[in-house]
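Data block below; observations after.
The values are calculated or read from the model by the stated rules, or taken from the named source; none is laboratory data. The structure presented is a predicted model; accordingly, all values stated were derived computationally and were not measured. Neighbour counts are summed over all protein chains in view; Cβ atoms, including those assigned to glycine, are modelled from backbone coordinates with ideal geometry. What goes into the accessible areas is simple: the full protein's heavy atoms, side chains included, and nothing from ligands, DNA or RNA. Shrake-Rupley method; radii C 1.70, N 1.55, O 1.52, S 1.80 Å.
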Amino acid sequence: MSKTSRIPDFYKLPLSRRLEIVKEFANLTDSEVDLLKETGSLSRDTAERMIENVVGAIPVPLGIATNFLINRRDYLVPMAIEEPSVVAAASHAAKIARSKGGFAASSTGSIMIGQVQTVKVKNPNQAKKDLLSHREDILKKANEQDPVLLSVGGGAKDLGVKVLQTQRGSMVILELYVDTKDAMGANAVNTMAEAVAPMIERMTGGRVLLRILSNLATKRMAQAKVVIDRGEIGGDEVVEGIIDAYAFASADPYRAATHNKGIMNGIAAVAIATCNDHRALEAGCHAYAARNGQYLPLSTWEKNEDGDLTGVIEVPMAVGIVGGAIKTHPIAQIALKILGVKTASELGEVMAAVGLAQNFAALRALVVEGIQRGHMGLHARNIAIAAGAKGAMIDTIAEEMIRGNKIRLDLAKELLKKHIVD
Ligand code: MEV
């Protein structure tokens, strides 16, 4: 009999029963089930409060990037990521940046955009005027939804209206500009967008469809700048090489995607460590990179009058330090304590600096030696472990593969066999 994934009321079952079902479905062994049961510092209860249908938790290494000097303050930066070399690269880049004062970061505030889509409007331009003339009423209705946010100085501050010509005809889009302060703000904004919908239908005579936050958070930008001493990175040739690498990314979306992926290695790792919504950040950053029609790098690299390398990054940074999973996850709380940030904007500034550091480290490695050498040590160890090496044997196998310039699982297995026989 074929197995079915149709399991009515799976979500209502206790975790232990869910595990039994998955075990049978996937032929898991007892020890695999035992591993799933180990949820570590995230208790099962907490995990079950966070998402549905929980059967376990997946630990990801949490590293600390050192050396970060941002706006003259020292930070230790927690980064959660499965990829080797990222934490080391960020720390190394931050160390190099210190000689010219580290990173200078700033941000534009914490305004998120909520969108309300209205279709079937008879006279969209008139509707736009009507909505704008009811600005105060709409903002009042939005702000009634979140007295707590209001009490800390946040709330819906303004609105905008645009008429879009779409393949399904004209649509009127009302945008609420909500200061969400130290929260990422998705919940607050979505609640407000939903609350104003009936009055928008009345005012426009149309039908409201979507009421949802936009992840293109252009009113919540973070910027970071850095000067890299040319002497610290091998002189003018490397400076020129990095500027050429940037020019390549500016001219070619295929390269820009990878350039930006390196930036997101840093940003997403801090987001995951602090339980921020890294998908929201990815969506926002990539959409921002394509805002002018061509997908561009999120950072720029130039040479200053002293011949030093200067980098600037500008990214939408919808992050929070309160609310949601950030509050629920015990490790996220500790990560924030290690960071010591006082506001969500400060967290966004740190993340922009980490993204820039990561980008610099990747470009430098690519220009100077190719990325593989830097990656090789940890990669070789991982392959040795995958081949079954344990204890001191891991390094022995890894070193032999590095010496031979070939890092492959079959080779690691062969070497392991040879050592065991020896
Ligand atoms: C790998 O995770 C990231 C890089 O590909 C970034 C880049 O190419 O700039 C090294």
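Residues 87, 55: which one is within 16 Å of the ligand (Cβ to nearest atom), open to solvent by 30 Å² or more (accessible area, probe 1.4 Å) and either at pLDDT 95 or above or assigned to a strand (DSSP E or B) (or both)?
87
Being open to solvent by 30 Å² or more (accessible area, probe 1.4 Å), within 16 Å of the ligand (Cβ to nearest atom) and touching a Ser or Thr at 6+ places or on another chain (Cβ under 9 Å) is the filter here, so list the residues in the range 74-84 that pass it.
Hits for the range 74-84: nothing passes.
Given the conditions (1) surrounded by fewer than 18 Cβ atoms within 10 Å (Cβ to Cβ); (2) touching a Leu at 6+ places or on another chain (Cβ under 6 Å); (3) more than 17 Å from residue 271 (Cα to Cα), which single one is not true for residue 71?
Just one mismatch for residue 71, condition (2).
State whether the residues of the range 352-367 include one that is in contact with an Asp or Glu (Cβ under 9 Å, 6 or more places away or on another chain), over 20 Å from residue 269 (Cβ atoms) and more than 14 Å from the ligand (Cβ to nearest atom).
no
Could you tell me whether any residue of the range 225-244 is open to solvent by 70 Å² or more (accessible area, probe 1.4 Å), within 27 Å of the chain's Cα centre (by Cα) and within 16 Å of the ligand (Cβ to nearest atom)?
The answer is yes, given that some residue of the range 225-244 is open to solvent by 70 Å² or more (accessible area, probe 1.4 Å), within 27 Å of the chain's Cα centre (by Cα) and within 16 Å of the ligand (Cβ to nearest atom).
Any residue at all in the range 96-103 that's assigned to a loop (DSSP other than H, G, I, E, B) and among the hydroxyl-bearing types (Ser, Thr, Tyr)?
Yes.
Residue-wise test of (1) among the hydrophobic types (A, V, I, L, M, F, W, C); (2) over 18 Å from residue 364 (Cα atoms).
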{"site": "69", "(1), (2)": "yes, yes"}
{"site": "80", "(1), (2)": "yes, yes"}
{"site": "89", "(1), (2)": "yes, no"}
{"site": "93", "(1), (2)": "yes, no"}
{"site": "110", "(1), (2)": "no, yes"}
{"site": "115", "(1), (2)": "no, yes"}
{"site": "118", "(1), (2)": "no, yes"}
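Got at least one residue in the range 351-367 being of a type in the set (Gly, Ala, Ser), at pLDDT below 90 and open to solvent by less than 40 Å² (accessible area, probe 1.4 Å)?
Looking for residues that are of a type in the set (Gly, Ala, Ser), at pLDDT below 90 and open to solvent by less than 40 Å² (accessible area, probe 1.4 Å), one finds none in the range 351-367, hence no.
When the residues of the range 380-401 are narrowed to those that are open to solvent by 50 Å² or more (accessible area, probe 1.4 Å) and closer than 21 Å to residue 87 by Cα, which ends up modelled with the highest pLDDT?
385
Could you tell me which numbered condition residue 94 fails, if it satisfies all but one of (1) within 16 Å of the ligand (Cβ to nearest atom); (2) buried (at least 20 other Cβ atoms within 10 Å of the Cβ)?
(1)
Just give me the residues in the range 259-281 being within 16 Å of the ligand (Cβ to nearest atom) and open to solvent by 50 Å² or more (accessible area, probe 1.4 Å), in sequence order.
The answer is 261, 272, 278.
If residue 289 satisfies every condition in (1) within 23 Å of residue 88 (Cα to Cα); (2) within 14 Å of the ligand (Cβ to nearest atom); (3) crowded, with 17+ Cβ neighbours inside 10 Å but one, which is the exception?
With (1) within 23 Å of residue 88 (Cα to Cα); (2) within 14 Å of the ligand (Cβ to nearest atom); (3) crowded, with 17+ Cβ neighbours inside 10 Å applied to residue 289, the lone miss is (1).
Considering 370, 377, which residue is on the phi > 0 side of the Ramachandran plot, open to solvent by less than 50 Å² (accessible area, probe 1.4 Å) and within 16 Å of the ligand (Cβ to nearest atom)?
It is 370.
Considering only residues that are charged (D, E, K, R) and in contact (Cβ under 8 Å) with a residue 24 or more places away in the chain, look in the range 6-49 and name the one that is least open to solvent (accessible area, probe 1.4 Å).
18
Listed here are the residues, each with its yes/no results for (1) in contact (Cβ under 8 Å) with a residue 24 or more places away in the chain; (2) in contact with a helix residue (DSSP H, G or I) (Cβ under 6 Å, 6 or more places away or on another chain).
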{"position": "367", "(1), (2)": "yes, yes"}
{"position": "378", "(1), (2)": "yes, no"}
{"position": "397", "(1), (2)": "no, yes"}
{"position": "400", "(1), (2)": "no, yes"}
{"position": "403", "(1), (2)": "no, no"}
{"position": "414", "(1), (2)": "no, no"}
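Given the criterion modelled with pLDDT under 95, under 29 Å from the mean Cα position of the chain (by Cα) and under 27 Å from residue 223 (Cβ atoms), identify the matching residue among 114, 109, 155, 185.
Every option except 109 fails the conditions.
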